[in-house]
Amino acid sequence: MVINYDDLNRSKYEIPISDSPMDFTAALTSDVNTWPTYRNEQFGFSLKYPPGWGVRNEKFEDDTWFIGFSFSPHDFFFGMSITRDSLEDKIELEKGNDFLRLEEGPKVDGVKIVKIIFPLNEYYKENTTSYIFENNGYSFAFRIDQEFFRLILPTLHFF
């Protein structure tokens, strides 16, 4: 099933969502090496994502892009915003006023990743994290569950 939302919100799934329901626990315990790979030539990165999930690319008028990964058409499990801001500006924009702390994260293919940790809130039972990095003249804010990020981190590559 391919879902096209172009008329509703200027976005579409490039990779279709499976018709079968997603078992998130199965995704976390499955072999990541068997997952499909998402590769984006424009922004110079690739990563693996669970089978059956959809990938949505969306460009906004202000040269901001969003790439989201989800297991249903209405819920995004993780996504990233991409702009031409400097790394420092992207960090300032992402952390806003409600962040707990800023940490140096891992380095992947020579790209430094900065972690911004946010406090618990009404939507999340644990602290949420944004991973900020810069590659090929673009800056990324990648908001994702820490456990899931540790799972896909070995599959994240920059070129």
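Under the classification rounded if a/c is under 1.5, otherwise prolate if a/b is larger than b/c and oblate if not, where does the stretch 41-159 fall, given a ≥ b ≥ c as square roots of the Cα gyration tensor eigenvalues? Rounded is the answer for the stretch 41-159, as its axis ratio a/c remains below 1.5.
Taking the accessible area of the stretch 39-159, probe 1.4 Å, and keeping the other protein chains in place, the carbon and sulfur fraction comes to 48%.
Packing order of peptides 34-41, 111-118, 48-55, highest average first: 48-55, 111-118, 34-41 (average count of other Cβ atoms within 10 Å over each peptide's residues).
Rounded if a/c is under 1.5, else prolate if a/b is larger than b/c, else oblate: which is the stretch 39-102, with a ≥ b ≥ c the root eigenvalues of its Cα gyration tensor? Taking the square roots of the gyration eigenvalues as a ≥ b ≥ c, the stretch 39-102 is prolate.
Exceedance of the 21 Å cut-off in Cα-Cα distance is limited, within the set 59/112; 95/115; 90/115; 59/90, to 59/112. Within the stretch 87-102, find all residues whose amide N lies under 16 Å from a label point positioned 7 Å from the Cα of residue 146 along Cα-to-beta-carbon. Answer for the stretch 87-102: 99-102.
The values are calculated or read from the model by the stated rules, or taken from the named source; none is laboratory data. Every value quoted in this text rests on a predicted model; they were computed, and no experiment measured them. All Cβ positions, even for glycine, are placed from backbone atoms using ideal geometry, and neighbour counts span all protein chains on display. To get the accessible areas, we keep the full protein, side chains included, count just its heavy atoms, and leave off ligands, DNA and RNA. Shrake-Rupley method; radii C 1.70, N 1.55, O 1.52, S 1.80 Å.
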